[in-house]
1. Right, A:Gln2: touching a residue at least 60 places away in the same chain (Cβ under 8 Å) and within 26 Å of B:Gln54 (Cα to Cα) or not?
2. Give the stretch B:98-114 a look and list any residue that's closer than 15 Å to A:Ala93 by Cα and either open to solvent by 10 Å² or more (accessible area, probe 1.4 Å) or at pLDDT 95 or above (or both), or say none.
3. So which residues in the stretch B:17-51 are out of contact with any Asp or Glu (no Cβ under 9 Å at 6 or more places or on another chain) and charged (D, E, K, R)?
4. Looking at (1) modelled with pLDDT under 95; (2) within 13 Å of the chain's Cα centre (by Cα), which is the one condition that is false for A:Tyr100?
5. Can you pull out the residues in the stretch B:54-83 that are under 17 Å from B:Gly106 (Cα atoms) and in contact with a Lys or Arg (Cβ under 7 Å, 6 or more places away or on another chain)?
6. Quick check on the stretch A:78-97: of everything there that is small (Gly, Ala, Ser) and within 14 Å of chain B (Cβ to nearest Cβ), which residue is most open to solvent (accessible area, probe 1.4 Å)?
7. Here are B:Arg9, B:Arg63, B:Arg28: which of them is within 15 Å of B:Ser79 (Cα to Cα) and open to solvent by 40 Å² or more (accessible area, probe 1.4 Å)?
8. Pick from the stretch B:51-73 the residues that are away from chain A (no Cβ under 14 Å) and polar (S, T, N, Q): which of them is farthest from A:Asn103 (Cα to Cα)?
Amino acid sequence: AQKVTQAQTEISVVEKEDVTLDCVYETRDTTYYLFWYKQPPSGELVFLIRRNSFDEQNEISGRYSWNFQKSTSSFNFTITASQVVDSAVYFCALSEANNYGQNFVFGPGTRLSVLP
Amino acid sequence: AAGVIQSPRHLIKEKRETATLKCYPIPRHDTVYWYQQGPGQDPQFLISFYEKMQSDKGSIPDRFSAQQFSDYHSELNMSSLELGDSALYFCASSLGTSGGRTQYFGPGTRLTVL
């Protein structure tokens, strides 16, 4: 069965600090996909990144970076020089390749508060 | 770029009433998903459709039904509403239904049952 764990329920940082959000997943499939979504206070779910299980290259997009490690089943997300606008709930999600309904399994989310 | 459209954005109903939520996917997307998000919870998958056929089913109550139409829009019908149905309902769409497709979410419909 697939499962996503985000152990950090809430994190508070001061603006300009770096912060890492943890994501640990469980799956029996060898082919799977991992995602991060951002849910700001306005409520919408914003897609941030998609990673497949065969691509362990880390990715950087501006202040955002992702570290994928299959050996520890983790897909962590780092925000560098955080800003108040980064305050949101961040969800990690997993999709198995052989699931043709292709629904996501979301983690419980991490609420990030960036204080000015 | 066009995004997923959901209507209405807010809906207030009484217990035992019915509600219909609508979802218009991103143009050319053929797969639609419905999720329910309770307060402080992560989104829970309800149901999905690919090319107008149900492709997967999650924890959708029997009181709920959904369909996808020929223009790919989808409707979620909810009957005999209960207080516990109060939640944010998301629709998402993707191009194709094979594993790993990125789902793009709409802004959600906030349903309040009184």
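1. Values: touching a residue at least 60 places away in the same chain (Cβ under 8 Å): yes; within 26 Å of B:Gln54 (Cα to Cα): yes.
Yes.
2. Let us first name the residues in the stretch B:98-114 that are closer than 15 Å to A:Ala93 by Cα, namely B:99-105.
Residues satisfying the conditions are B:Gly99, B:Arg101, B:Thr102, B:Tyr104, B:Phe105.
3. B:Glu17, B:Arg28, B:Asp42
4. Answer for A:Tyr100: the failing condition is (2).
5. Passing the criteria: B:Gln68, B:His73, B:Glu75.
6. Filtering the stretch A:78-97 down to residues small (Gly, Ala, Ser) leaves A:81-82, A:87-88, A:93, A:95, A:97.
Pick out the ones that are also within 14 Å of chain B (Cβ to nearest Cβ) and you get A:88, A:93, A:95, A:97.
Values: A:Ala88: 6, A:Ala93: 0, A:Ser95: 0, A:Ala97: 25 Å².
The residue in question is A:Ala97.
7. Details: B:Arg9 fails: within 15 Å of B:Ser79 (Cα to Cα); B:Arg28 fails: within 15 Å of B:Ser79 (Cα to Cα).
Result: B:Arg63 is the single residue among B:Arg9, B:Arg63, B:Arg28 that is within 15 Å of B:Ser79 (Cα to Cα) and open to solvent by 40 Å² or more (accessible area, probe 1.4 Å).
8. Of the stretch B:51-73, the ones away from chain A (no Cβ under 14 Å) are B:52, B:61-65, B:67, B:69-73.
With polar (S, T, N, Q) added as a condition, the list becomes B:65, B:67, B:70.
Details: B:Ser65: 17, B:Gln67: 16, B:Ser70: 22 Å.
Going through the qualifying residues, I end up with B:Ser70.
The values are calculated or read from the model by the stated rules, or taken from the named source; none is laboratory data. Just so you know, these numbers come straight off a predicted model, no measurement behind them. We place every Cβ from the backbone using ideal geometry, glycine too, and count neighbours over all the protein chains shown. The accessibility values were calculated without ligands, DNA or RNA, using every heavy atom of the protein model including side chains. Shrake-Rupley method; radii C 1.70, N 1.55, O 1.52, S 1.80 Å.
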